[in-house]
Amino acid sequence: MKQPPVQPENGLVPAAPAGNSVEPQTGTGADEFRVLLDSSQGFVAVIEGGRFVFANRAALSLLGVEQDASVVGTDFMRYVHPDDFAAIDVGSHVASGNFTVTPIRIVRADGIVLQVELTISEVIFRGRVAHAYLALDRTQELQAISALSAREGRILKILDAMIDGVITVDDDGYIESFNKAAEDIFGFRAGSVIGQSVEPLLRPAPRMILHDTPHASLPPAAGLTAILETLAKGEFGGLVTELKRRDGTNFVAELSMSELKHLDRQIYCVIVRDVTERKRFEQTLERLALEDTLTGLPNRLHLVRMLDDLTRGETPQTGAVILFDLDRFKNINDFFGHSFGDTLLQSVAERFSPVVLPGEFLSRLPGDEFVLVSPGAASAADVDAIVKRFSETLKRPFLIDDFELFMTISAGAILYPDQGSDSETILKRVESAAYFAKDSGRNHCQIYSAKISEGRAERLDLESELRKALRTEAFFLAYQPRVDLRSGTVHGMEALIRWSHPRLGQMSPGSFINVAEETGLIVPIGDLVLEAACQTTNHWIERGLGPLIVSVNLSTRQFRDAGLVGRIEAVLDRTGLPASCLEIEITESGLMFEIDRVLEVLADLKDLGVSIAVDDFGTGYSSLSYLKRFPIDVLKIDQSFVRGLPDEPDDVAISTAIVAMAKSLKLRVVAEGVETQAQLDFVSGLGCEEVQGYLFSQPLSVDEFDAYVLESRVPNAAGGISAPKRRFN
Ligand code: C2E
Ligand code: MG
Ligand code: MG
């Protein structure tokens, strides 16, 4: 530590460079000289040849001796701590003619060590060259200082051990200390920044990535004053901002500050925490919270936020929200298993993603629903075009685990803000619209209307009402005759379920069978149907109504049920119906699920002697080779192809191909939904063996069917086939 030179307090005049001499006079003058020096509080001694020739009272007291006599003549060095001998190199110091200030340790006569600041100068004493030693006792002061620096040293050690960067800054913003963590964080050595302004270090980097954090952030141009002011306000737990390291890379810093008073000075202690990893982790969590892990698409939460942003603006924009629901996905999941279903959902997401236009937002909701937000779409025509764009991607089959699967979508749509101006309403209504689309036949799009909301509420009640209907035996069967075109007689009938609803009257399966399938209620309901159909048919046969074959529809859900074949066998036993009089109808799409299971059940049923019909044929994309694997007896051409006959070229082509294919597989062909003579003539010309449709009869009650069969036994005059004499409307 450099100290200013000590000014001699005692009147001694330095010999050099001025070259004055101090020549105390003998006698009174010398005594006066002593009195004068003794009155000084400062240590004054004259050393000649290393020995005391004079020491004032203060010097004697400092050295711990009582009398002048015990000092004069003694070696000055005997009072100097041995480690400080080298420091007292009088010759070299004085040669330069300057005062020399040397803090040294003086060992008093009583052994006490003092720290003194010693000033040595050459003087002429009693006519000879000597040295005046002036000393100031700094012991207490130096002890205080060394205690202080030890404390500071300890503080610095503690600071270095901290994981946060700690920078102490003086009132003007200059760095006073920079701990190890600060070195690591910023990449600067303490030595290179101490004494420099802290401002460049705390200057926010231009790119602010954390605008969405709950913490405050500084504007990029914020200067030191702004930083210190913001920090000093302390209103934030930590101010989060992005700073630059020495190597130019950014890191996310959480800054906080405290003000200290140290030796009457204001010091700022800026604490810098590198929270880059934490922020990255938080952002990952945030991202995960908004992402559907299966498909990587935004999830429902993200969709809701997005809709909130869209609809909460001051001038809400118009657009459409469209919900795509995969048809029959639940069946696929049930039959093929969840991992198959997951793969299918991923594949659908892969098909959809490339057709999402810039500005559109595609998300996935739990289950099989995808939701598209399309800002700008404003009309039903816009919605249709969008739905078409997405449906097109499903035209090609999905190949999963060697299965070829064709998927269709039912879509619900809502135009915002007209039909819904907040996320909750929009989502509720778009879901209702999609349900409505599904309920009314699948594979199309329904735009929301108020009527749909009512329908959705009714649907919610349906499940409990179905359960009640099971208990109260509110189901009954209608029988639709199947007419053999060669004999013109009733060959059999299809049992079709009806529900006698306490409020709504008679209900067709179209309004409740989906819910029964989705809830699994179709299993007990299906058992009732089988029992009733077999019992009634056996009753008719016993009454001599003829050899009749009853077809019973089984939904795919029933095929999963392990006890199905056993129960059918038991029903046949119980009712006495010969197995050859029962035919099971399974839809073509039903054949595509859990193929091994279906094959096994069908083989067992065949073993029982039950025949198998494929219902709604033509709608499920089965190939001929695929069909060959199943033990099928009958193909029923779906009524959607019969409807356009004989004029619609596509329907003509399809029905012709189906009949030709069935013939090659030696299957009987039934044309469903025959309503006109022209249709009848056409299918008959193709070689269909049987028809079923309103032309002959609507589904009939037990009594009506009874009467119908009896009547139809009478062949018409021409002996050919014509519309029946009696129609039931
Ligand atoms: P499906 O098996 O294809 O039955 C034929 C449907 O076509 C019946 O509708 C029938 O009334 C109707 N239909 C018959 N001829 C004509 C016609 O000439 N023109 C028109 N437009 N329609 C005709 P329904 O009774 O409403 O049954 C609808 C579907 O519900 C059935 O289609 C079948 O898939 C299902 N279903 C009916 N009963 C049961 C059942 O007991 N169990 C199961 N799992 N499904 C059933
Ligand atoms: Mg059927
Ligand atoms: Mg059918």
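Across the range 599-615, computed HN-Hα scalar couplings (Karplus, 6.51 cos²θ - 1.76 cosθ + 1.60, θ = phi - 60°) run 4, 4, 5, 4, 5, 5, 5, 4, 4, 5, x, 7, 9, 10, 10, 9, 8 Hz from first to last residue, x flagging Gly and Pro. Cα centroid distance between the range 283-315 and the range 514-530, in Å? Here the two parts' Cα centres lie 38 Å apart.
Shape of the range 29-86 from the C-alpha gyration tensor: prolate (a/c of 1.5 or more and a/b above b/c, with a ≥ b ≥ c the square roots of its eigenvalues). Once the chain from ASP484 to SER339 is taken as fully extended at 0.36 nm per residue, the excess over their C-alpha distance is 47.6 nm.
Using every pair of separate Cα atoms, the Kirkwood estimate puts the hydrodynamic radius of the range 294-448 at 15.6 angstrom. The distance between label points at GLU350 and ASP573 comes to 5.0 nm (points 7 Å beyond Cα on the Cα→Cβ vector).
Between LYS428 and PHE476, the C-beta separation translates, for a Förster distance of 30 Å, into a calculated FRET efficiency of about 0.25.
Across the range 527-577, Cα-Cα pairs more than 12 Å apart make up 64 percent of the total. How high is the relative contact order of the range 349-388, in percent, with contacts defined as C-alpha pairs under 8 Å that are six or more residues apart? In percent, rounded to a whole number, it is 25. Within the range 467-513, the trypsin sites (Lys or Arg not before Pro) that combine a DSSP coil assignment with at most 13 other C-beta atoms in a 10 angstrom radius are ARG486, ARG503.
In this structure, the residue pairs whose Cα-Cα separation is over 26 Å, taken from LYS438/LYS468; LYS438/LYS606; LYS468/LYS636; LYS606/LYS663, are LYS438/LYS606; LYS468/LYS636. The simple spin-label model puts a point 7 Å past each Cα toward its Cβ; for ARG498 and ALA678 those points are separated by 3.1 nm. Across the range 40-137, Cα-Cα pairs farther apart than 19 Å form 34% of the total. Label point of THR318 set 7 angstrom out along Cα-Cβ; within the range 336-374, amide nitrogens under 16 Å from it belong to 374. With θ taken as phi - 60° and the Karplus curve 6.51 cos²θ - 1.76 cosθ + 1.60 applied, the whole-hertz 3J(HN,Hα) list for the range 39-44 is 6, 6, 6, x, 6, 10 Hz, x standing for glycine and proline.
Classify the range 533-660 as rounded, prolate or oblate, taking a ≥ b ≥ c as the square roots of the eigenvalues of its Cα gyration tensor: rounded when a/c is under 1.5, otherwise prolate if a/b is larger than b/c and oblate if not. In terms of gyration-tensor shape, oblate. In this simple spin-label model, placing a label point 7 Å from the Cα along the Cα-to-Cβ direction at both ALA660 and HIS81 gives a separation of 11.7 nm.
Amide H contacts of ALA320 (H built 1.01 Å from N, in plane; Pro and chain starts excluded): SER374, GLY376, ALA377, TYR416 sit under 5 Å, all sequence-distant by 5 or more or on other chains. Which residues does a label at ASP607 reach in the range 556-572, if reach means a backbone N under 18 Å from a point 7 Å past the Cα toward the Cβ? Output list for this probe position: 559-572. Residue-wise HN-Hα couplings along the range 494-508, as the Karplus relation 6.51 cos²θ - 1.76 cosθ + 1.60 with θ = phi - 60° gives them from phi, are 9, 7, 10, 6, 9, 10, 8, 7, x, 9, 9, x, 6, 10, 7 Hz; Gly and Pro carry x. The orientation-averaged projected area of the convex hull spanned by the Cα atoms of the range 280-372 comes to 7.3 nm².
In the range 477-710, the convex hull through the Cα atoms has an average projected area of 12.6 nm², a quarter of its surface area. FRET efficiency for the pair SER511 and GLU648, taken as 1/(1 + (r/R0)^6) with r the Cβ-Cβ distance and R0 = 41 Å, rounds to 0.90. Run a plain Debye calculation on the range 398-539 (Cα atoms as equal point scatterers, no solvent) and give log10 I(q)/I(0) at q = 0.17, 0.18, 0.19 Å⁻¹, rounded to two decimals, same order as the q list. After summing over all Cα pairs, the log10 values are -1.03, -1.07, -1.11. Take the Cβ atoms of TYR174 and ARG396, set R0 to 56 Å, and the FRET efficiency comes out at 0.20.
Each part gets one Cα centre, and for the range 385-422 versus the range 60-90 those centres are 104 Å apart.
When each of the peptides 684-695, 507-518 is scored by how many other beta carbons lie within 10 Å of its residues on average, the order from highest to lowest is 684-695, 507-518.
Quick note: the coordinates plus some simple rules give every number you see, no bench work behind them. Quick caveat, the model's predicted, so the values are computed rather than measured. Cβ atoms come from the backbone with ideal geometry, glycine included; neighbour counts cover every protein chain shown.
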